[in-house]
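Bear in mind that the values in this text are calculations on the coordinates, not laboratory data. Just so it is clear, the structure is predicted and the values come from calculations on it, not from any experiment. For neighbour counting, all protein chains shown are included, and Cβ atoms are generated from backbone atoms with ideal geometry for every residue, glycine included.
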Amino acid sequence: MTMVPVVPFRHVIVIGGGIAGLLAARVVSGYSERVTVVERDYYPNAPNFRAGTPQARQVHTFLLRGQQIIEALFPGFREKILAAGACEHDFASETLYFYGERCPQLAPGLCGWNASRMLVEWQIRHELKAFPVTIMEGCAVKGLLYEDHAVRGVKYQERGSAAAPIRELSGDLVIDTTGSSSAVLHWLEEIGYASPHETVVNPHIGYATRFYQRPANIDAWSLIAIQATQQSRRAGALMEVEGGRWMVLVAGSGKDYPPNDPEEYLEFAHSLPEQELYTRIKEATPLSHIYGYRPIGNRFRHFDRIKMPRGFVAMGDAVCSFNPIYGQGMTIAILESQALERCLAHWHRKKNGEHDFQRRIAKVLAAPWLLSTVADSSPEDRKTIRDKIAHWYVSGYVIPAIPKDKMVQRTFIEVLHMLKSPNALLTLSIIFRMFRLHLSGVR
């Protein structure tokens with residue numbers, strides 16, 4: 001007799017059809033009879049911009065750890081996204097890194113691909129068609145259905161008319177993935193739950209991105225990453241993406257926001273401490289307007305520390321959003337989906353599966369949060385001894401050593417790509433190299 005596997009959920013509702021929501025739907029499809037994604041936008045028919053993801057026009061890097069995991073979720077993903085136009089890239093030998101000064105070129109070995117966020121989302125959505133997931137487009141969630149101390153579904157309204165009726169969709173697990181602008185705090189308040197404490201580290205950063213035609217005679221450096229330092233609050237990036245284009249980003253922190261005027265944009269790029277980016281674009285052909293964006297910086301909502309209703313969890317930027325300059329967002333979303341899958345396997349054997357999940361993703365977020373906020377924090381933000389020591393070590397020893405020592409540089413890049421733990425920067429060999437440079441006068 002063949003045993004039919006029992007799935008723990010009858011109907012899972014995912015609020016938000018961005019990358020975090022699509023990944024959550026993929027994972028939960030193996031643990032629920034039905035999965036419905038409720039998305040406010042109508043998706044474009046090609047990998048184009050949509051209003052619900054204003055950050056999509058900015059440069060995004062899918063870190064190598066994320067590329068490894070998404071290949072496991074969607075076998076053949078790399079081959080397919082390359083066929084759709086993504087660009088093969090070695091993050092070691094084909095990237096110009098600038099940390100206070102130009103870093104030496106590394107040996108090959110950190111191979112992956114680059115693409116716009118719009119293409120990444122489009123490809124994930126295409127892959128999801130092979131799974132039992134329904135997507136309701138053009139529907140805005142207005143609140144949660146709540147009964148007997150548990151969330152039982154969502155209230156939603158079809159977009160297009162303020163007079164459209166509020167409808168109900170029942171489910172036994174609701175996952176909020178609606179990003180940094182999520183109404184989750186309001187939804188929880190409506191059903192009688194307190195909001196979580198928020199930790200905010202805001203460097204008051206602004207971005208401006210423009211697409212350019214990639215000239216045919218350019219070969220070296222398909223990615224340029226100019227990081228802001230204590231000496232310069234300005235940063236920049238150039239990334240080759242699909243369609244023979246460059247995505248070019250300039251950024252400024254401390255309210256030194258980059259302009260949207262074309263001439264002033266070039267002047268801002270010219271002011272960067274590394275001139276390779278400006279040299280590339282000063283004669284290049286622009287393909288777009290300049291798209292400005294001012295994110296909230298780094299914000300961590302500590303859902304792991306509060307009582308949550310049964311049947312409801314949050315993930316993605318609704319929980320923790322990062323300064324986009326570090327390129328962590330898409331990879332964090334896939335790491336959280338991986339954590340979700342691990343929790344789902346024993347959800348109903350736990351006393352509180354919802355709290356177990358929020359605690360698990362808080363652990364996932366701990367290391368990238370530390371790396372992001374070490375650079376962005378002000379003295380007032382560094383409230384703990386751990387924060388102060390991390391800032392002293394990274395700013396005083398790690399960053400100055402990156403352009404001087406290839407082993408330190410490669411290890412740091414591997415940590416950024418989440419291929420290694422931040423503890424890799426605390427090995428005796430790395431510490432010895434950094435302190436030797438420090439004692440020799442490198443600052």
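Here are some notes:
- For region 382-436, averaging the sequence separation of C-alpha pairs within contact (under 8 Å, six or more residues apart) and dividing by the residue count gives a relative contact order of 29 percent.
- Listed from fewest to most Cβ neighbours within 10 Å, the set ILE306, ILE290, ILE218 follows the order ILE218, ILE306, ILE290.
- Exposure proxy order (Cβ contacts within 10 Å, fewest to most) of ARG233, ARG301: ARG233, ARG301
- Proximity of backbone amide H atoms, modeled 1.01 Å from N, is registered between ARG152 and LEU145, TYR146, GLU147 at under 5 Å, excluding neighbours fewer than 5 places apart on the same chain.
- Within region 223-243: backbone nitrogen closer than 16 Å to the GLN105 label point (7 Å, Cα to C-beta): 223-225
- Which of ARG349, ARG436 has the fewest Cβ neighbours within 10 Å, and the rest in rising order: ARG349, ARG436
- At R0 = 41 Å, FRET efficiency that the Cβ-Cβ distance of THR134 and ARG294 yields, to 0.05: 0.70
- Trypsin sites (Lys or Arg not before Pro) within region 88-153, DSSP loop, no more than 10 other Cβ atoms inside 10 Å: LYS129
- Sequence-distant lysines (8 or more away, or on other chains) whose Cα lies within less than 19 Å of LYS363: LYS307, LYS350, LYS420
- Over region 298-443 - Rg/Rh using Cα atoms and the Kirkwood inverse-distance radius: 1.05
- Here the contact order of the chain, divided by its residue count and restricted to Cα pairs under 8 Å and six or more residues apart, works out to 19 percent.
- Kyte-Doolittle mean at least -0.5, axial Cα span of 24 Å or more - DSSP H helices of the chain: 353-376
- Helix-derived mean residue ellipticity, 222 nm - over the chain, DSSP H n ≥ 4, -39500 (n - 2.57), to 500: -9000 deg cm²/dmol
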